[in-house]
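Chemist: To start, I am sharing the structure in question, which I have written as structure tokens.
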Amino acid sequence: MNPQEKNKQKFTQSITFKALTVVVLTLALLIPKAMITGLIEERQERSEETIRKINEKWSNPQTICGPVLTLPYDTKITEYETVNGQVKQKTSLRKDEMNITPSSVNMDVELFPETKYYGIYKTTLYRSELNISGSFDNLDEFDKYEGRWKDAYITIGISDLKGLVSNAELTVNGKKYAVEADGNTNWFRGNTLKIPLKNFEKSPEKNEFSCKLTLNGSESINFIPVGRTTGINVSGKWAAPGFVGNFSPQSTIEGDRFSAKWHILHFNRNIPETWDNRTSMYFSETSFGVRLVETVDHYQQNMRSAKYALMFIALTFVVFFFVELLTKKKIHLVQYLLVGIALILFYSLLLSISEQIGFALAYLIASFATIGLITAYAYSIFRNVMQTGILTVILCLLYTFLFVILQLEDIALLIGSIGMFIILGIIMFVSGKINWNKEEQ
């Protein structure tokens, strides 16, 4: 054997070559880790699709807008045309409508959330009871349009009328009016309730209205503040509500109940007090409301746990590598590979079990199975109780550390960074006890 071949053989048997090979193996295991991540995303998309189907049958997220009073009126149109050199005047009437927002709107909303299951998937649905009240003040100023008050009507926008549970009535100035379903308007994207005010007699000062609705929905309930002053009170039995939109409420959460109050003035939002039917005015950007959210679902926790796969593989391989150096016990690369595959399969176990019984218990079962398998395999390699016990303790600490991070939200990054810094310090301390030059020789 020539010197070049001897040097090559010496390098392939060195610790440096072994360390580089373990690093390459660690990076190679990122391929099945990426496959696991893709599987989590696929299962999450399937869950979301199933939830959408459940919600569509019950009712989609609801948005309530209104009431808005509409006054039909006729506009005189004068046109001129030239016939045989003579200018003739032609007058016609164009049917127009004036939309009028309320002077005040108040809504008291009580939510009754419930969880529905479809196989292994679940979604949050709710039934809501709404008490709507308010007034239209100073309607006499619109008499200049010479409108047909007997044909006036009120519109309430509800994004999904499928969720309307019971027949509704609107009371105006003590008189009850029946509610009819209607289509889209030029100011609300969604379905609407139309209330014709037959033989309506307006009051010169204040025209008060009230209405009670029982409405089904899912995930969230939202409001558009069309009133000159708008007050919304929402309460319900839900421990972790999310408040969405452009306005923040005064909220309290006590136990598993919450309450939220909004008070919005006309200059807080960009909604005109009147507009005609020839002008499209959509106000969805001013909506706000309550979202019934799960703080962290098991798919999010699975995805977050998979992000730590590289750390687990690397640290476990480091432990095996140090044991190999300290005990002079040769560990084959195939054995490293099998341990790495066991670490990757932990995430597959965690995903499949958490879909059935929830994340916390699934994590306990998957981590116990993985640690038990690696411990048994490590003992078959080391044949030493102490060395195997040290590896088991390290794995238990790692999986406990990961579980704690997954339960945290606001300070998860901080705790994770501190933990990784401490782990790196321990590795540096232990590696300092090894005479690398001697081991290399």
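Chemist: Name the one entry in VAL290, VAL339, VAL334, VAL318 that is of a type in the set (Val, Ile, Thr) and free of Cβ contacts under 8 Å to residues at least 12 places away in the same chain.
Modeler: When all the criteria are applied, what remains is VAL334.
Chemist: Working carefully through the options GLY231, GLY242, find the one that is closer than 27 Å to THR123 by Cβ, part of a strand (DSSP E or B), of a type outside the set (A, V, I, L, M) and in the same structural domain as THR101 (by TED's automatic domain parsing).
Modeler: GLY242
Chemist: Right, next: Which ones in region 19-51 are closer than 21 Å to PHE317 by Cα and of a type in the set (S, T, N, Q)?
Modeler: The answer is THR21, THR26.
Chemist: Still on this structure: Return only the number of the condition from (1) free of Cβ contacts under 8 Å to residues at least 12 places away in the same chain; (2) under 17 Å from THR375 (Cα atoms) that LYS307 does not satisfy.
Modeler: (2)
Chemist: Has region 208-228 got at least one residue that is assigned by TED's automatic domain parsing to the domain that holds CYS65, over 27 Å from the mean Cα position of the chain (by Cα), surrounded by fewer than 19 Cβ atoms within 10 Å (Cβ to Cβ) and small (Gly, Ala, Ser)?
Modeler: Among the residues of region 208-228, at least one is assigned by TED's automatic domain parsing to the domain that holds CYS65, over 27 Å from the mean Cα position of the chain (by Cα), surrounded by fewer than 19 Cβ atoms within 10 Å (Cβ to Cβ) and small (Gly, Ala, Ser), which makes the answer yes.
Chemist: If you don't mind, another one. If you scan region 382-396, which residues turn out to be surrounded by 13 or more Cβ atoms within 10 Å (Cβ to Cβ) and within 19 Å of PHE346 (Cβ to Cβ)?
Modeler: Selection gives THR388, LEU391, THR392, ILE394, LEU395, CYS396.
Chemist: In region 1-29, how many residues are at pLDDT 85 or above and surrounded by fewer than 15 Cβ atoms within 10 Å (Cβ to Cβ)?
Modeler: Result for region 1-29: 3.
Chemist: I need the full set of residues from region 50-90 which are farther than 29 Å from CYS211 by Cβ and in a loop (DSSP other than H, G, I, E, B), in order please. Before the answer, list the steps.
Modeler: Within region 50-90, the subset farther than 29 Å from CYS211 by Cβ is 50-53, 74-90.
Matches in region 50-90: ASN84, GLY85.
Chemist: Got a sec? Which strands (runs of 3 or more DSSP E) wholly within region 125-193 have at least 2 residues that are charged (D, E, K, R)?
Modeler: 175-178, 180-182
Chemist: Still on this structure, I have one more. Need the failing condition index for GLU79 against (1) in contact with a strand residue (DSSP E or B) (Cβ under 6 Å, 6 or more places away or on another chain); (2) of a type outside the set (A, V, I, L, M, F, W, C); (3) surrounded by 14 or more Cβ atoms within 10 Å (Cβ to Cβ), just the number.
Modeler: Looking at each condition in turn, GLU79 falls short on (3).
Chemist: Can I ask one more? Answer yes or no: is there a residue in region 263-276 that is of a type in the set (D, E, K, R) and closer than 30 Å to ILE381 by Cβ.
Modeler: no
Chemist: Let me ask something additional. Could you list, in sequence order, all residues of region 271-316 that are closer than 24 Å to GLU141 by Cβ and under 23 Å from the mean Cα position of the chain (by Cα)?
Modeler: Scanning region 271-316 gives a single hit, PHE283.
Chemist: Exactly one condition in (1) at pLDDT 80 or above; (2) in a loop (DSSP other than H, G, I, E, B) is false for THR295; which is it?
Modeler: (1)
Chemist: Can you tell me which residue among THR252, THR279 is modelled with pLDDT under 90, hydroxyl-bearing (Ser, Thr, Tyr) and exposed (fewer than 13 other Cβ atoms within 10 Å of the Cβ)?
Modeler: Values: THR252 fails: modelled with pLDDT under 90.
Within the list THR252, THR279, the selection yields THR279.
Chemist: For region 166-193, how many residues meet the condition of being among the hydrophobic types (A, V, I, L, M, F, W, C), at pLDDT 85 or above and loosely packed, with under 14 Cβ neighbours inside 10 Å?
Modeler: The number of residues fulfilling the criteria is 1.
Chemist: Suppose we keep only residues that are out of contact with any helix residue (DSSP H, G or I) (no Cβ under 7 Å at 6 or more places or on another chain) and of a type outside the set (Ser, Thr, Tyr) within region 405-419. Which one would you say is surrounded by the most Cβ atoms within 10 Å (Cβ to Cβ)?
Modeler: Step by step, filter region 405-419, then rank; the result is GLN407.
Chemist: Filter region 94-106 for residues that are buried (at least 21 other Cβ atoms within 10 Å of the Cβ) and under 24 Å from THR214 (Cα atoms) and give the result.
Modeler: THR101, PRO102, VAL105
The values are calculated or read from the model by the stated rules, or taken from the named source; none is laboratory data. Keep in mind the model is a prediction, meaning the values are calculated, not measured. Here the Cβ is made from the backbone with ideal geometry for all residues, glycine too, and neighbour counts use every protein chain on show.
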